[in-house]
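S.K.: The structure is given below, and queries will be raised subsequently.
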Amino acid sequence: MQVENLAQARLVVVKVGSSLVTAEGKGIDQAALDEWAAQIVALKRKGVDVVFVSSGAIAEGIKRLGWPKRPKALNELQAAAAVGQMGIAQAYETAFRPHQVNTAQILLTHEDLSNRTRYLNARSTLLTLLEKGIVPIINENDTVTTDEIKLGDNDTLGALVTNLVDADALIILTDQRGLYDSDPRKNPDARFIERISAADSRLEQMAGGAGSNVGTGGMYTKVLAAKRAALSGAATVVVSGREPDALVRLLSGEKLGTLFTSEHSRVAARKQWLYGHIQVAGVLVVDAGAAEALTGQHKSLLPVGCIRVDGHFYRGELVSVRNPEGREIARGLVNYGSEEVARILKTPSSAIAAKLGYIHEEELIHRDNMAINR
């Protein structure tokens, strides 16, 4: 589904910036967190799941440590993040507690999203939390990242998480109304952009540079995030976090902020990504019944329908799925390594744990991680 009217969305990622979380660096704005929590709970009651990506750990740590300005040394930034994470986690827990909704803190690095095994693990964890009614609060793991592996800003992280969980949309709450065709602080005639394609070549020029001394982002990083999210078919909205009930109003279909549309459908984008990898790590051969379930009904691949495994691969790698005649019918990210697959061939999902002593997933390949070759 390609979502442009957010009233159709059922899973969204919401990213909020440091300046909003920490009241421009003065300290955690508990009233703001309480308001976002109330909106997210209201959305959950309407059947909309929310993954929350929050900045603010470093800014809160700097405040708690009494430092007059943001340091540049990586070790000092990591120390500030370690101190600030304690406050951020506690503040969100406090915000959701009156609603009897649990939260979970997840800290991610670039390696978690580039390594296929860790990617699948992170995805499985997030989807399980959502299934259990828990609101995931995500931040970059600033306490262990280095210059080489830092995601760089939480706008990028928001886009990567959007792709990770196949969200319908990314909503970026910021201290600005949205995107203008030039900097409104310098040009009083700057025109506000209500809707634009994320593929528009003028975006970077419109966005300019970073605009806040509290966080690492600006409108430029938000534009880049919208472009990244669009690759998986997700829309992005950049909107003021100070707009009353912004999340509820957006998910009711009201037009707020700037909407960045995607040129891709989510299904087509996923398929293009999976088939864009020329090499596969191995092959799974399935019986005729499984082949029909995959191609005709787009079901997940279960071990009971798999009759042979070829090649050596690990959990999270890309494999080819072939029918009994040897024709490739699908590609996907496998939940088990080749040695594990060999042990559970033709096995009902209910018996995986008995054969392996553990279970990652009930499926060899979940349908969301598979592209059918029609």
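The values are calculated or read from the model by the stated rules, or taken from the named source; none is laboratory data. On a predicted model such as this, the values are computed, not experimentally measured, just so you know. Using ideal geometry, Cβ is built from the backbone for each residue, glycine included, and neighbour counts are taken over all protein chains shown.
S.K.: Return a yes/no flag: does the range 318-329 have any residue that is crowded, with 18+ Cβ neighbours inside 10 Å, under 27 Å from the mean Cα position of the chain (by Cα), touching a residue at least 40 places away in the same chain (Cβ under 8 Å) and assigned to a loop (DSSP other than H, G, I, E, B).
M.R.: We begin by selecting, within the range 318-329, every residue crowded, with 18+ Cβ neighbours inside 10 Å; these are 318-323, 329.
Imposing the further condition that a residue be under 27 Å from the mean Cα position of the chain (by Cα) reduces the set to 318-321.
When the remaining residues are screened for being touching a residue at least 40 places away in the same chain (Cβ under 8 Å), the result is 318-321.
Filter once more, keeping what is assigned to a loop (DSSP other than H, G, I, E, B): none.
No: zero hits.
S.K.: Now, a different point. Please enumerate the residues belonging to the range 270-302 that are assigned to a helix (DSSP H, G or I), modelled with pLDDT under 95 and of a type in the set (Gly, Ala, Ser).
M.R.: Within the range 270-302, GLY296 is the sole residue that qualifies.
S.K.: Take the residues of the range 65-84 that are more than 26 Å from the chain's Cα centre (by Cα) and touching a residue at least 12 places away in the same chain (Cβ under 8 Å): which is surrounded by the most Cβ atoms within 10 Å (Cβ to Cβ)?
M.R.: We begin by selecting, within the range 65-84, every residue more than 26 Å from the chain's Cα centre (by Cα); these are 65-73, 75-76.
Cutting the leftovers down to touching a residue at least 12 places away in the same chain (Cβ under 8 Å) gives us 65, 67, 70.
Working: LEU65: 13, TRP67: 13, ARG70: 17.
Within the range 65-84, the match that is surrounded by the most Cβ atoms within 10 Å (Cβ to Cβ) is ARG70.
S.K.: How many of the residues making up the range 236-254 are outside any helix (DSSP H, G or I) and either within 14 Å of LEU170 (Cα to Cα) or touching a residue at least 12 places away in the same chain (Cβ under 8 Å) (or both)? I'd like the intermediate steps shown before the answer.
M.R.: Our first condition is that a residue be outside any helix (DSSP H, G or I); within the range 236-254, this holds for 236-245, 251-254.
Then drop every residue that is not either within 14 Å of LEU170 (Cα to Cα) or touching a residue at least 12 places away in the same chain (Cβ under 8 Å) (or both), which leaves 236-243, 245, 251-253.
Matching residues across the range 236-254 total 12.
For every residue, the table says whether it meets (1) closer than 23 Å to VAL165 by Cα; (2) buried (at least 19 other Cβ atoms within 10 Å of the Cβ); (3) among the hydroxyl-bearing types (Ser, Thr, Tyr); (4) modelled with pLDDT under 90.
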position	(1), (2), (3), (4)
LYS26	no, no, no, yes
ALA42	yes, no, no, no
VAL51	yes, yes, no, no
SER54	yes, yes, yes, no
ALA59	no, yes, no, yes
ILE62	no, yes, no, no
MET86	no, no, no, no
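S.K.: I'd like the residue in the range 334-362 that is surrounded by 14 or more Cβ atoms within 10 Å (Cβ to Cβ) and in contact with a strand residue (DSSP E or B) (Cβ under 6 Å, 6 or more places away or on another chain) and, out of all such residues, is nearest to GLY311 (Cα to Cα).
M.R.: It comes out as SER338.
S.K.: While we're looking at this one, here's another question. Report, by residue number, each residue of the range 286-305 that is surrounded by 20 or more Cβ atoms within 10 Å (Cβ to Cβ) and under 13 Å from ALA330 (Cα atoms).
M.R.: VAL286, ALA290, ALA291, LEU294, SER300, LEU301
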